[in-house]
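The values are calculated or read from the model by the stated rules, or taken from the named source; none is laboratory data. All figures in this text were calculated on a predicted structure; none of them were measured in a lab. As a convention, Cβ positions derive from the backbone with ideal geometry for all residues, glycine included, and neighbour counts pool all protein chains shown.
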């Protein structure tokens, strides 16, 4: 049976998945879409009011307000630039990585862990390779033998023509959230500050000194934290290099051991599975 409309198909899908009203289609060219656009219009009105409110508050700020904000912004920007500058986090990361890599390579457990994991993975992969190699032919043979020995729904659909009131509310809320600009007030506030010369004077007087102080602190913190991060990364890389070398040496031995076992079990399991299926198929033929 062919379903007639996109909305009907969507509703049935949502019903089957238990997701209604999460799957409400708000673009139905009808009442739901109108509700969606009504929500958007309401949000735009809110955006305009919030932007105007922010601009008014920005224009009302004083020299002291600007001085406080300039001090905070200068320190923040200086700290950021020092932290990520050439002698901050980057330099610490490089130095820490080099030291950690050496220690990781020399970790006494790295080679032992690599050897153990390599053998285990090789054993597993070899087992499956051997199993797959023999299973199919054994299955066919077992099926033939089993066959010889054995020879003696609907779905619910529903739809509704008019939108549910809850769906209308859902679509209006979605339209509102889609169009709502959460940055309207802070953008208006920034615009008001830019138009306020008294505020700008206080901001400029404080920014430079705070920037210099923040830059020094950021550089020191950046190097220390970068060194710790780099050391951890380097240690892992060095450990992994030693691990991989011993892993590669142990893998083939494990593969050979697993292959022999897997090949033998593939023969046995394949034959039994084939035999059972063949026997059942033949029995069904007899029942007819």
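Take residue 39 and decide whether it is modelled with pLDDT under 85 and surrounded by fewer than 15 Cβ atoms within 10 Å (Cβ to Cβ).
On the way: modelled with pLDDT under 85: yes; surrounded by fewer than 15 Cβ atoms within 10 Å (Cβ to Cβ): no.
Spelling it out, it is not the case that residue 39 is modelled with pLDDT under 85 and surrounded by fewer than 15 Cβ atoms within 10 Å (Cβ to Cβ).
Within the stretch 211-218, is even one residue within 30 Å of residue 49 (Cα to Cα), assigned to a helix (DSSP H, G or I) and under 35 Å from the mean Cα position of the chain (by Cα)?
Kept after step one, since they are within 30 Å of residue 49 (Cα to Cα), are these residues of the stretch 211-218: none.
No: zero hits.
Yes or no, residue by residue, for (1) at pLDDT 95 or above; (2) more than 30 Å from residue 262 (Cβ to Cβ); (3) under 32 Å from the mean Cα position of the chain (by Cα):
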{"residue": "51", "(1), (2), (3)": "no, yes, no"}
{"residue": "83", "(1), (2), (3)": "yes, yes, yes"}
{"residue": "92", "(1), (2), (3)": "yes, yes, yes"}
{"residue": "100", "(1), (2), (3)": "yes, yes, yes"}
{"residue": "105", "(1), (2), (3)": "no, yes, yes"}
{"residue": "130", "(1), (2), (3)": "no, no, no"}
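If only one of 251, 199 is closer than 30 Å to residue 47 by Cβ and buried (at least 20 other Cβ atoms within 10 Å of the Cβ), which one is it?
The unique qualifying residue is 199.
Inspect all residues belonging to the stretch 17-35 and state whether any of them is modelled with pLDDT of 80 or more, more than 23 Å from residue 178 (Cα to Cα) and part of a loop (DSSP other than H, G, I, E, B).
No, the stretch 17-35 has no match at all.
Each row is one residue, and each column tells you yes or no for (1) modelled with pLDDT of 95 or more; (2) closer than 25 Å to residue 100 by Cβ; (3) over 27 Å from the mean Cα position of the chain (by Cα); (4) in a helix (DSSP H, G or I).
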{"residue": "223", "(1), (2), (3), (4)": "yes, yes, yes, yes"}
{"residue": "227", "(1), (2), (3), (4)": "yes, yes, yes, yes"}
{"residue": "231", "(1), (2), (3), (4)": "yes, yes, no, yes"}
{"residue": "234", "(1), (2), (3), (4)": "yes, yes, no, yes"}
{"residue": "242", "(1), (2), (3), (4)": "no, yes, yes, yes"}
{"residue": "247", "(1), (2), (3), (4)": "no, yes, yes, yes"}
{"residue": "250", "(1), (2), (3), (4)": "no, no, yes, yes"}
{"residue": "255", "(1), (2), (3), (4)": "no, no, yes, yes"}
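Looking at 89, 51, 67, 101 in this structure, which one is farther than 19 Å from residue 224 by Cα and surrounded by 20 or more Cβ atoms within 10 Å (Cβ to Cβ)?
Numbers: 89 fails: farther than 19 Å from residue 224 by Cα; 67 fails: surrounded by 20 or more Cβ atoms within 10 Å (Cβ to Cβ); 101 fails: farther than 19 Å from residue 224 by Cα.
Going through 89, 51, 67, 101 in turn, just one is farther than 19 Å from residue 224 by Cα and surrounded by 20 or more Cβ atoms within 10 Å (Cβ to Cβ): 51.
Go through 54, 70 for me and flag whichever is in contact with a helix residue (DSSP H, G or I) (Cβ under 7 Å, 6 or more places away or on another chain) and within 30 Å of residue 223 (Cβ to Cβ). It would help to see each step written out before you state the result.
Working: 54 fails: within 30 Å of residue 223 (Cβ to Cβ).
Step by step, each of 54, 70 is checked, and only 70 is in contact with a helix residue (DSSP H, G or I) (Cβ under 7 Å, 6 or more places away or on another chain) and within 30 Å of residue 223 (Cβ to Cβ).
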